[in-house]
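This report concerns only the one structure given below.
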Amino acid sequence: MNASSPRLTVVTLGVRDFQASVRFYEALGFVRKMRATGDEVAFFDAGGVVLALFRWDQLAEDAAISAMPVPAAFRGSTVAWNCASRLEVDAAFVRALEAGAKLLKAAHATSWGGYSGYFADPDGHAWEIVHAPGFSFSPEGRLILPD
């Protein structure tokens, strides 16, 4: 691997209630790893990418961006959880809602032949749960894009 090639390796979400967010993501099934930073940052194995949680104000300060006002509107990005089937999408929604997610848009057949919906985590980060035809998974569960 060429170190200068771009790779998405970590997605860090700013959270207002650190402990509640850690519990939420653990309830979704993410496994927390590397606790060397204690409760400053939480790192979760996300199947080839790391999901990190960092307190909202501290993440904003680290990125040199104003922390206020906290946006209530769309933030310009979503995080996706791809599934191998529509049944997996439905099961993932049950799990997310039981963990405390807010339903944004129920899973439905899409115009492009897929099946998807959206939920928000406790801090309002939008997640899509989706089955996309043509996408497959490696034996380790990593998403494989078609050519």
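The values are calculated or read from the model by the stated rules, or taken from the named source; none is laboratory data. No experiment lies behind these values; they were computed from the predicted model shown. Positions of Cβ are backbone-derived with ideal geometry, glycine not excepted, and every protein chain shown enters the neighbour counts. The protein model used for the area step is the full one, side chains on, heavy atoms only, and it has no ligands, DNA or RNA in it. Shrake-Rupley method; radii C 1.70, N 1.55, O 1.52, S 1.80 Å.
Structure notes:
- Solvent-accessible area, 1.4 Å probe, carbon plus sulfur percent, for the chain: 56 percent
- By the Kirkwood approach, averaging reciprocal distances over each pair of separate Cα atoms, the chain gets a hydrodynamic radius of 16.6 Å.
- For the stretch 23-147, the solvent-accessible area of protein heavy atoms averages 59 Å² per residue (probe radius 1.4 Å; ligands and nucleic acids excluded).
- LYS33 contributes about 100 Å² of solvent-accessible surface, heavy atoms of the protein only, 1.4 Å probe.
- Compared with the direct C-alpha span, the chain from ARG7 to GLU26 gains 4.3 nm at full extension, assuming 0.36 nm per residue.
- With the simple model of a label 7 Å out from the Cα in the direction of the Cβ, ASP62 to SER77 spans 1.3 nm.
- In order along the stretch 133-144, the phi-based Karplus estimate (6.51 cos²θ - 1.76 cosθ + 1.60, θ = phi - 60°) of 3J(HN,Hα) comes to x, x, 7, 10, 10, 6, x, 7, x, 7, 5, 10 Hz; Gly and Pro are listed as x.
- Contact order relative to length of the chain, as percent, for alpha carbon pairs under 8 angstrom and 6 or more apart: 21 percent
- In percent, rounded to a whole number, the relative contact order of the stretch 24-92 is 15, using alpha-carbon pairs under 8 Å and six or more apart.
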